[in-house]
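J.: Have a look at this one before I ask anything.
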Amino acid sequence: MTVLVYSYTIYHSPNGYLGTVLLRRALMNVPGVRLVRCPIYIPRDRGVMIAELLGGKENRNVGSYLREDCRRWSERFSIPFTYPDPEIFRQRAARWGAAAFHREELPARAYYAADAESRDALDRALFEAAWVEGIDVNEPETIRWAARRAGIDPDNLMARLAEPGPESEVRNALVEFERLRCPGVPTVVVNGQRFFGKDRVDWAVGACRAASGPA
């Protein structure tokens, strides 16, 4: 029996990045499990933040705390991590409002456009672009950078992500994210159970072990 682990994130989420790295590491020691990555996007009419997507707002102290907390997690678990200056995020957010795609739609489309055997490498490269290299995953040149990093032809990937298939997949991922009532990113779903946050990876892995039965 194969246990499917659904992982919902966006690429420009520090918690999503750290949580996904930790999840991948933990699942390496669990047989009979398959990780299904489900990158989503944020429709422009919902805002630019995950909190806005879900109908709320971040309070004024969240940003500074998140920077502090993510630094601790990256150091504790030896995860390469660079947090861009807040002003950089504001500049990017202004660009996203006028971009051809919704926020996070371009990298998510790229993921779904990649061949199955290349998705894992591209997924890692997109996170690396955002949180190691500090570049905006919502820019076409960043997608090309990540494609080369993953051993994928960048021109072919850019052509494929504009096709109906990847567009449909990224929209379906958001529909599932909302149907499952995911409270934010990262959310991991195992047999209908939701585990929200980078500090719930162990709990998600425990659910996988319980579902897969005796070793």
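The values are calculated or read from the model by the stated rules, or taken from the named source; none is laboratory data. As the structure is a computational prediction, the values presented were derived from the model and not from experiment. For neighbour counting, all protein chains shown are included, and Cβ atoms are generated from backbone atoms with ideal geometry for every residue, glycine included.
J.: Within region 8-63, can you find the residues that are of a type in the set (Gly, Ala, Ser) and either assigned to a helix (DSSP H, G or I) or touching a Leu at 6+ places or on another chain (Cβ under 6 Å) (or both)?
T.: Selection gives Gly16, Gly19, Ala26, Ala51, Gly63.
J.: Looking only at region 170-182, decide whether some residue is in a loop (DSSP other than H, G, I, E, B) and crowded, with 18+ Cβ neighbours inside 10 Å.
T.: yes
J.: Does region 102-124 hold any residues that are under 27 Å from Gly47 (Cβ atoms) and without any contact (Cβ under 8 Å) to a residue 40 or more places away in the chain, and which are they?
T.: Across region 102-124, the qualifying residue is only Leu122.
J.: Quick one: what pairs do we get from region 75-87, first residue under 16 Å from Glu133 (Cα atoms), second assigned to a loop (DSSP other than H, G, I, E, B) and modelled with pLDDT of 95 or more, C-beta under 8 Å, 6+ apart or different chains?
T.: Within 8 Å, the pairs are Pro80/Val132; Phe81/Val132; Thr82/Val132; Thr82/Glu133; Thr82/Gly134; Pro84/Gly134.
J.: Of Val62, Val21, Val33, which residue is surrounded by 12 or more Cβ atoms within 10 Å (Cβ to Cβ), over 15 Å from the mean Cα position of the chain (by Cα), within 24 Å of Cys208 (Cα to Cα) and not aromatic (Phe, Trp, Tyr)?
T.: Of Val62, Val21, Val33, the one residue that is surrounded by 12 or more Cβ atoms within 10 Å (Cβ to Cβ), over 15 Å from the mean Cα position of the chain (by Cα), within 24 Å of Cys208 (Cα to Cα) and not aromatic (Phe, Trp, Tyr) is Val33.
J.: Would you check which residues across region 72-93 are part of a loop (DSSP other than H, G, I, E, B) and not small (Gly, Ala, Ser) and list them?
T.: Step one: list which residues in region 72-93 are part of a loop (DSSP other than H, G, I, E, B), which gives 77-85.
Residues satisfying the conditions are Phe77, Ile79, Pro80, Phe81, Thr82, Tyr83, Pro84, Asp85.
J.: Is region 135-152 home to any residue that is touching a strand residue (DSSP E or B) at 6+ places or on another chain (Cβ under 9 Å), buried (at least 22 other Cβ atoms within 10 Å of the Cβ) and part of a loop (DSSP other than H, G, I, E, B)?
T.: Yes, there is a match, as at least one residue in region 135-152 is touching a strand residue (DSSP E or B) at 6+ places or on another chain (Cβ under 9 Å), buried (at least 22 other Cβ atoms within 10 Å of the Cβ) and part of a loop (DSSP other than H, G, I, E, B).
J.: Of the residues Ala108, Ala121, Ala129, which is in a helix (DSSP H, G or I), surrounded by fewer than 19 Cβ atoms within 10 Å (Cβ to Cβ) and aliphatic (A, V, I, L, M)?
T.: Result: Ala121 is the single residue among Ala108, Ala121, Ala129 that is in a helix (DSSP H, G or I), surrounded by fewer than 19 Cβ atoms within 10 Å (Cβ to Cβ) and aliphatic (A, V, I, L, M).
J.: Within region 144-156, identify whether any single residue is closer than 19 Å to Ala121 by Cα and among the β-branched types (Val, Ile, Thr), and answer yes or no.
T.: yes
J.: Can you pull out the residues in region 156-215 that are farther than 22 Å from Arg46 by Cα, among the polar types (S, T, N, Q) and in contact (Cβ under 8 Å) with a residue 40 or more places away in the chain?
T.: Those that are farther than 22 Å from Arg46 by Cα, among the polar types (S, T, N, Q) and in contact (Cβ under 8 Å) with a residue 40 or more places away in the chain: Asn191, Ser212.
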